[in-house]
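Shown next, in C-alpha cells, is the structure this report addresses.
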Amino acid sequence: MKCRRCRGPAVIEVRRHNAGFCRDCFLHHCREQVRKTIEDFDMLQPGDRVLIAVSGGKDSLALWDILRDLGHDVDGLYLGLGIDDYSDESGNYARAYADARGAKLVKVDLPTDLGFDIPTGSRVARRAPCSACGLSKRHLFNQAAVDNGYDVVATGHNLDDEAAVLFGNVLRWSTDYLGRQLPVLPAGNGFVRKVKPLVRLGERETAAYCVLAGIDYQVEECPMAAGNRHLGYKDALNAIEDQSPGSKHAFYFGFLEKASPLFTPEAAREQENLQRCAQCGTPTTGEVCAFCRLAERARR
Ligand code: Q46
Ligand code: ZN
C-alpha cells in the first residue's frame, strides 16, 4: 500500500479514511485532525493557558505532544489515583515524557495530598470504581486549573471513547448526559473551559502516533476497569466498525450535528440551578458537592 500523501510505502492503514500513510505523513495526519477539531469547535484561542490531564497512557501523551507541536501553551497535570502499581507506573511514563522534553508536569497525589485512594473512595461511597474515579478527576482537574490560572482543561478522550459513551447514553436515553456530551464545554459557574481535541482520532491511531513518534506509554489497562460497561460498548462498536468502517465517526459526529441541540436546553437549565459547595466552593446541586462527600467518607 502507498501513502496517500507522498506515495511512498505506507506503514499504517486507516480504514475509516480508506487511506494508508508513511510515518511522517501519519504524524502530519494526526496533527491535522487535531488542528481541524480545535478550529471547527473553537476550542482554543491564542494565548490560552492549557492544562492537560495526563494519565501516562497513549491518548493523553499523544495529545500533549500534538498540542505542543501545534504551538499551544500547555502544561500537564498527573493525578495519582492510588491504584497500586498501576498508578506508580503510569506516573513514571508521564514524568519520563515531561523530563525528556523539558515540559512542565504538575503532580497531585490522591493518597498523599487528599488522604484517600480510589479503591477506598469507591468502596465507602458504594460507587463503581470508575464512577468514583471520574468524579474525583473532574473535580481535581478543574480545581487545579482554577487555582493555577489555566483557561482550559484538555483531556485525551478519543473517538472510540466518545462513541462508546454516546452509545451508553442513548441506550438509556440519559437526556441530561446527552445534553452535555460535547467536545467543548464553555467556562462558567466556577468551571474552566473543557475540551476534547482528540475526538477525530480513534484509539488505534493514538497508539500508532505514540509508537511512530517514539513516545513510551503505559500499555497496561487500569485493573479497576474490568467489568466496566463502557468496555462492552466499545466491543460492540468495534464489531460494527469492522463490518462498516466509518460507523463510529458517523454515529458521533451525526449526533453532534443533528441530535445534540435537542438536548442542550435541558442541560443548560440544570446548570442554572447550581449553588456553591459549602466546603470547596465548587458548583453543585446539593449543599456539599459529591466529591467533598466522597472524600470525607473515604478519609474516615
Ligand atoms: S483510571 Fe479511573 Fe479509568 Fe481506572 S478507575 Fe476507571 S476511570 S479505568 S480512565
Ligand atoms: Zn465540594
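The values are calculated or read from the model by the stated rules, or taken from the named source; none is laboratory data. None of these values were measured; they are calculated from a predicted model. Cβ: placed from backbone, ideal geometry, glycine included. Neighbour counts: every protein chain shown. Only protein heavy atoms, including side chains, enter the accessible area calculation; ligands, DNA and RNA are left aside. Shrake-Rupley method; radii C 1.70, N 1.55, O 1.52, S 1.80 Å.
Give me a count of the residues in the range 171-186 that are open to solvent by less than 40 Å² (accessible area, probe 1.4 Å) and part of a helix (DSSP H, G or I). The number of residues fulfilling the criteria is 1. Each residue in the range 34-77 was checked for being closer than 28 Å to Leu114 by Cβ, free of Cβ contacts under 8 Å to residues at least 40 places away in the same chain and surrounded by fewer than 24 Cβ atoms within 10 Å (Cβ to Cβ), and 1 pass.
Please tell me if Asn189 is in contact with a strand residue (DSSP E or B) (Cβ under 7 Å, 6 or more places away or on another chain), modelled with pLDDT under 95 and either surrounded by fewer than 19 Cβ atoms within 10 Å (Cβ to Cβ) or hydrophobic (A, V, I, L, M, F, W, C) (or both).
yes
With the condition kept exactly as written, say whether any residue in the range 149-161 is surrounded by fewer than 20 Cβ atoms within 10 Å (Cβ to Cβ), touching a residue at least 12 places away in the same chain (Cβ under 8 Å) and aliphatic (A, V, I, L, M). Within the range 149-161 (the criterion being surrounded by fewer than 20 Cβ atoms within 10 Å (Cβ to Cβ), touching a residue at least 12 places away in the same chain (Cβ under 8 Å) and aliphatic (A, V, I, L, M)), the answer is no, since none of the residues qualifies.
Report yes if Gly168 is at pLDDT 95 or above, more than 16 Å from ligand 2 (Cβ to nearest atom) and on the phi > 0 side of the Ramachandran plot, otherwise no. The answer is no for Gly168.
Within the bounds of the range 121-130, is there any residue that is in contact with a strand residue (DSSP E or B) (Cβ under 6 Å, 6 or more places away or on another chain), more than 12 Å from ligand 1 (Cβ to nearest atom) and open to solvent by 10 Å² or more (accessible area, probe 1.4 Å)?
no
Only a single item in (1) free of Cβ contacts under 8 Å to residues at least 12 places away in the same chain; (2) out of contact with any Gly (no Cβ under 9 Å at 6 or more places or on another chain) is not met by Asp113, and it is number (2).
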